[in-house]
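Report on the structure given below.
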Amino acid sequence: MNRHPATGTALALATLLLAGPAGADSLAERMDASTVRVICFSKEGNVGAGSGFVVGRGDFVVTNHHVIACTEAGGEAVVLLDAERRDTVPAQVKASDENRDLAVLQLSRPSGRPAVDFATLATLEKHDPVTAVGFPGAADNSEGGNLSDPSHSGGLISRINPPPTNPELPRLVQTDAAINPGSSGGPLFDDAGRVVGINTLKALTAVPSVGADGHSMEFQRVPLGEGIGWAVASDEILPFLDRLGIPYEASRHRPGVLARLWSREPLILTLLGLLAAALTAVTLAGTRRGLSLVKDGVTRAIARSRPPRARRAVLRGLTGPYAGLTMPLGGQPLAIGRDPALVQVVLPPSAERISKRHALISYDAGRGVFRLEDCRSANGTFVGEARTALAVPPGQPRELKPGQRFFLASPEIAFEVDLE
């Protein structure tokens, strides 16, 4: 019996699928590769340890402030990359916030590890599956344990806490994934492998006990409740990275079913697509109409493979007189202010906090970034949301990515830059 070539292709692909998912551990491997152990050596000789994860171009690490707190008293922080090779990298604290319990470390040399991708609170819902990755100290005592091999703890999003009344405190995500001493500073991944939080707290209490001498009193930290832990929302760390000019990818949309499957099993999804195409070809190739459909499909596939048309850079009004309006942006700066003789985006005289020539915004097509500059305004230009906004230094252009927001003087006059 003669077999159509497409049939052989379909059978070969089906054999590969049935043989098992070759890339089943790819997502876990990527999580492991981005997670590192952070160690802090105090001047008194004490050693503290926690977890962290790689950002930027492999030369920065995010962790908790309390993990590297010893550096404030002259201690030293290092990042352990490979325990067997005793490969450690000295790290310098570049940004830290005790209230938010966050810190960014710069490594003395690139780690060679992949940077994580982020997903913001807008992508999360209660009961979403998550994985806490890090180095809980209790796991180090197990026989044959590798000090540079992180542990995984699966769980669900229990609750997304509302913004705290104190703006200096972080927004937290509650999870039932096990978080233990040593896990602090490690990443909390969603099921697409994106960081949605920085593991930081577990419900603990101090319990008194009699010391080994039979007389002294000691206190031990024990769980106050099971399955109750918190992570600082990823939204809290992004302003730090923006301020330091550290590049990152952050998704603000929930991934679809195919996107989630692709993040976990790209090989299987590719093979399924090829299998479907091969089976379709088998069905259609035997008829004249089928051959015509196959030809049209190939033609459309070639057309889709051509480079997409460049997207247009725009300035979008969010609040104020320009709310709902979209304006094109180019390499020539667009000036915003109250004086029609000095600016192109004119705000009304009633906007008294806005300077005559308040700010400039432009788009650098070569680098794919927007440039925002404050023109030494009286009340400032700010990037981000009101609670976590960062001021733009006068006369020093600030680079923005598509989707970032800024406001002039107050959130009552806000804009967003984007590509469409």
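The values are calculated or read from the model by the stated rules, or taken from the named source; none is laboratory data. Predicted model, so just to flag it, every value in this text is computed and none were measured. So basically every Cβ, Gly included, is an ideal-geometry build from the backbone, and we count neighbours across all protein chains shown. Remember, those area values only see protein heavy atoms, side chains included, never the ligands or the DNA or RNA. Shrake-Rupley method; radii C 1.70, N 1.55, O 1.52, S 1.80 Å.
Scan segment 105-114 and tell me whether some residue there is closer than 19 Å to L241 by Cβ, touching an Asp or Glu at 6+ places or on another chain (Cβ under 8 Å) and surrounded by fewer than 18 Cβ atoms within 10 Å (Cβ to Cβ). Yes, some residue in segment 105-114 is closer than 19 Å to L241 by Cβ, touching an Asp or Glu at 6+ places or on another chain (Cβ under 8 Å) and surrounded by fewer than 18 Cβ atoms within 10 Å (Cβ to Cβ).
Within segment 100-123, being of a type in the set (V, I, T) and at pLDDT below 95 holds for T120, T123.
Being at pLDDT 90 or above and open to solvent by less than 50 Å² (accessible area, probe 1.4 Å): is that true of D128 here?
Values: at pLDDT 90 or above: yes; open to solvent by less than 50 Å² (accessible area, probe 1.4 Å): yes.
Yes: the conditions hold for D128.
Picking from residues in segment 31-45 that are touching a strand residue (DSSP E or B) at 6+ places or on another chain (Cβ under 8 Å) and charged (D, E, K, R), the one that is farthest from A91 (Cα to Cα) is D32.
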